[in-house]
1. Please report the relative contact order for chain B, taking Cα pairs under 8 Å with a sequence separation of at least 6, and give it as a percent rounded to a whole number.
2. Please compute the contact order of chain A in relative form: average sequence separation of alpha-carbon pairs under 8 Å and at least six residues apart, divided by the residue count, as a percent.
3. May I have the convex hull volume per residue, in Å³, for the Cα set of segment B:232-291?
4. Would you mind getting me the FRET efficiency between residue A:207 and residue A:156? Use the beta-carbon distance for r and R0 = 25 Å, nearest 0.05.
5. At R0 = 25 Å, how high is the FRET efficiency between residue A:320 and residue A:27 if r is their beta carbon distance? Nearest 0.05 is fine.
6. Please report the Cα spread of chain B along all three principal axes, rounded to whole Å, starting with the longest.
7. Please state, as a whole number in µm²/s, the translational diffusion coefficient that the Stokes-Einstein equation yields for chain A at 25 °C and 0.890 mPa s, with Rh defined as the Kirkwood radius across alpha carbon pairs.
8. By count of other Cβ within 10 Å, fewest leading, how are A:229, B:239 ordered?
Amino acid sequence: MRIALIDGSEGGHPDRSSALRSELERRRHEVAVLSVTADDVATAERARFSLSSRLTRRLTGAPSLPHAWDVLARGFRRRLAALAPELVLARGAVAAFVAIQPATTRLIVELDRVATLELANGWFVDALDLAATHQRETAVLERASVVAVTHRDGGQLLCESFPGVRGLATRLIEAPDGISPRDGLPVNRDAAIVCPSRLVHVDDPLLLAALVARLTRTVRSFGPPGPAYSFLPAPPEPLGVGEAASIGLVTGLSDRLSRLRSQRPGQWIERGIPILAPHWLAIDGALEPAVARYSEATFEADVEAAFEPDRFARLKAQVQRLRTLRSWSSTLSILVDSIEAC
Amino acid sequence: MSAGRGLRVAVVELSLDLRSGTARPGQALERILRERGHEVRRLGADPRFLERLRRRERVPNGLAPSRDPDLALADHLEQTLREQPFDVVVARGIHAGRVLERDLRALRVLDWPNVSYIEEYSTSEPDLARVDQLFRRERAVVQAADLVVSSGTHLTQFIERQVPIEGLVRKLITVPLGCDTTSRVARPSATPRIVYAGSYYPIQDPYLLSRLTGLSPFPIDCFGPRAPADQHLPSRLAYRGYAADETFLADYQVGLITVARDRLREVSPATKLPYYLAHGLPVLFPSWMREGHDFPACAMPYEESTFVSQVRQMLEPDRWLRMSEAALVAAEGRRWQRTLGPLVAALESRSNVGPGFR
């Protein structure tokens, strides 16, 4: 099959697109990749406010400026048409919307973020923009033959957010991220707890700083260094080369959108490290045996429970098992099967 | 400041829009200061400036005006403040607070209803670099102020623990949000109704409000300065418009609060809560909102899963009557005259009000 894989700008696991492509090509499909980058989206946003756009609006009496997704779709239409795909696999709502025409091309969408809800969570929300985004996201969900999410809670959120989309629940599949094994760290119960050096918003850096301050155990940071922020304390000392780690500390925001977006649990497993994660974080169920959960109120006790010898040994064993078993090929098979069944 | 003369106070806000609940404390402060014989002038941004600020928030990078609008506002306000001498400048919020960094020769008071950098942090996918920029800006304003006002005990405790600004704790005072006296109070009804009065920013969680509207066995009516954008919500909101005063609350039986669940919102006080109490309305509040738990006799916590049962319990006739009476008693303790008293006393003492002044 000729497949166009449109990579969206909404983030997600950095290895997922290449893993999808590899898996599809392994099954002898022809895959062409297009990307809708953050720059493309920003350019489309600016183009909305261009002189020609505003003039057109005045002349036609349109109630609002063109939607950024419409501007993007116009720009991508020709490129997509040149590929003449039999099926489009789009990652994200914006990527899917640019492929919504022609109606004859089969469309499968990966959707872990709800654009409408994220727009609604900003300040100074323009009601017309919000309604227009909702309308377009609805069109994507109605058009897609299959909607893939990485966690079942994401599917539930979509169904709750778009109750008017008929048959959505029956078209949902769960295709979690795989594990891309990277150089493992030595793991030792007596070693330091590790946290990420470079933080993004969904890591909830404020919570991380507060929890690290409560730990009596040694904490080290791991990974490429991030910028220093005045509103946060300095990060812990970096883990030394060859130094062992015990557990990877994961924090995250608890709101219904952000709790679905953390990549950290998988990243610690990639390094062979068991995970300490907040109870509200949505983690792939298959990874749960490698996870010790905590709540903010009982954090210290939850940490010590994770370090009980038998418990720690089980967590460590599970991580090693998952590193080998949770391949991209295994987690994406349901999605690739769905593509082939279309 | 000479003996026998009242203070000359400038109350500076970003918006003088009286339709907003956040304008209430500024209005109340003005009224109480005037009652005590002080001279008060309220200053704010031109509505056109506010529109430019809102547009700047929506317009992508590259099209935003080159000058920081807060600095433009501070320039405008400083010019006005220099036209006549003031003894006290009370700046409400960080946007208006930028003027406190100027050389004002007055007691500089920051009324700090929202910790802006944490508010920005709590919105959808903020840029941490921008959060940091806001923090540094906020820190500069706080450090320039002589007095910093927090609007609730839980918020004060949070600020003391969480906000890393040197010197803040010693200048921080708590002035709880208050309410006005009212001529009408709620009455029992065979067809009870629930009211939500406020705005629909994400911090108030219109999604939660919508879900509750769908669940509630009794109608939930919504009032506020602007109609909510609700086409994307699971249930449409029953928006009834804007009312110039709060007496409409007396037509309802329960006051509803919704608020997003984040670190700041858990400790932030709700402007509407004292007004609900003042009208004899028992209050339903999200269980994670700490302030609600300070009123066990007239407020009940809920989660989405318990909302219906909590509403039904609250509306049992005997219980409702008890809670309504308790609400009125609680409201007495929250009259603006009482809650603003310590602030007014601090302004008078720190500005050396003369012996001839009452």
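1. Worked out over chain B, it gives 18 percent.
2. Contact order relative to length: 15 percent.
3. So the per-residue hull volume is 119 Å³.
4. 0.55
5. After rounding, the FRET efficiency stands at 0.30.
6. Taking the Cα atoms of chain B, the three principal extents are 59, 56, 37 Å.
7. Details: Rh = 21.8 Å.
Answer from the Stokes-Einstein relation: 113 µm²/s.
8. Fewest to most other Cβ atoms nearby, the residues stand as B:239, A:229.
Any read-out appearing in this document is the output of simple, stated calculations on the displayed coordinates, not a laboratory observation. Remember, it's a predicted structure, so these values are computed and weren't measured experimentally. As a convention, Cβ positions derive from the backbone with ideal geometry for all residues, glycine included, and neighbour counts pool all protein chains shown.
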